[in-house]
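One structure is given here, and the rest of the page talks about it.
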Amino acid sequence: MSSNEGTSLVNVRPFLTVIVLLALAALALTFTVDVNIADQAGIRMVLPAQLGAWQGTELRFCHNAACLKEFTVDQLTEPDKCPVCGAELHTMSLAEYEGLPKDTQFLKGRYTNAVGAEVFASLVLSGRERESIHRPERCLVGQGNSINKSYVLDVPLTGREPLGVMVLETSRPLDIHSGKRELPGYYAYWFAGQGRETPLHWERMFWLGWDRIIHSVSHKWAYIAIAGRRDAAAQFQEQIKSFVKQLYPELSLNGQAPPPAGTGS
């Protein structure tokens, strides 16, 4: 065997291991019936009204197909009633409601600061079915976005190692005065389960299968995301770090930060 062949095998072996483990997880998800469904979430489902210099308000959505208006809670006199058509308001859009299992929990919020910057935050908590959470890339592309670049950004947090956050640099075509422009944006997210965190979808799926196979339990996983405008000077990365540093402690259960996903057992 040549040295190049040996190097190739070394490089490929970790991926083969992951594939085998994921296959085992898939079999367990399909055929294991004696699995306890854990009700406790890995995060607090809350979007505070203030995060440092950021002022926020939750979003509400009308599901009346003839209306489909979107509101911030501070615009409403009745938080659960559409002021336009009188229909019930929800914490997710109609498309999301129709596409997700009905026991999925969802929160969305809009945050602004004194200089007019805007960040949208969302929390998604899975129910009994794992389809509540999937790769966000799929939805972003389906909504007309292009993903130009993706990478993990380390966000420094007090008293622990940095939190890995997946960042997607996106662009979306706009028609302005019959000309074409692109709206640059970012979408940053990570997943949180019982005692585990990861920015990687495949790693979340691995631990989901691992817990079912080894511990006979299916934990609820949460998906935390923020989105905003992307500037050419890459200052948006500092915005991500600053916002996540403010949001993260508010989501932690009893102030306890879970370790990264790979440190669980």
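The values are calculated or read from the model by the stated rules, or taken from the named source; none is laboratory data. Predicted model, so just to flag it, every value in this text is computed and none were measured. Heads up, the Cβs are rebuilt from the backbone with ideal geometry, glycines too, and the neighbour counts pull from every protein chain shown.
Take the conditions (1) in contact with a Gly (Cβ under 9 Å, 6 or more places away or on another chain); (2) over 22 Å from residue 146 (Cα atoms); (3) aliphatic (A, V, I, L, M); residue 200 misses just one of them, which is (2). Is it the case, given these coordinates, that residue 128 is in contact with a helix residue (DSSP H, G or I) (Cβ under 7 Å, 6 or more places away or on another chain), surrounded by 12 or more Cβ atoms within 10 Å (Cβ to Cβ) and either more than 23 Å from residue 249 (Cβ to Cβ) or in the same structural domain as residue 230 (by TED's automatic domain parsing) (or both)? So residue 128 does not fit the description; no.
Determine, yes or no, whether residue 173 is of a type outside the set (D, E, K, R) and surrounded by fewer than 18 Cβ atoms within 10 Å (Cβ to Cβ). Yes.
Looking at region 53-119, the strands (runs of 3 or more DSSP E) lying wholly inside it that each contain 3 or more residues that are within 30 Å of residue 40 (Cβ to Cβ) sit at 54-62, 105-112.
Of the residues contained in region 26-39, one or more are found to be in contact with a strand residue (DSSP E or B) (Cβ under 7 Å, 6 or more places away or on another chain), at pLDDT 65 or above and either exposed (fewer than 13 other Cβ atoms within 10 Å of the Cβ) or assigned by TED's automatic domain parsing to the domain that holds residue 253 (or both).
Taking region 134-234 and the strands (runs of 3 or more DSSP E) fully enclosed by it, the elements with 1 or more residues that are at pLDDT below 90 and either more than 20 Å from residue 119 (Cβ to Cβ) or assigned by TED's automatic domain parsing to the domain that holds residue 99 (or both) are at 146-155, 163-176, 179-193, 196-198. Of all the residues in region 55-108, those that are on the phi > 0 side of the Ramachandran plot and either without any contact (Cβ under 8 Å) to a residue 24 or more places away in the chain or touching a Gly at 6+ places or on another chain (Cβ under 9 Å) (or both) number 1.
Among the residues of region 59-69, are any within 27 Å of residue 253 (Cβ to Cβ) and either in the same structural domain as residue 224 (by TED's automatic domain parsing) or of a type in the set (S, T, N, Q) (or both)? Taking every residue of region 59-69 in turn, at least one turns out to be within 27 Å of residue 253 (Cβ to Cβ) and either in the same structural domain as residue 224 (by TED's automatic domain parsing) or of a type in the set (S, T, N, Q) (or both).
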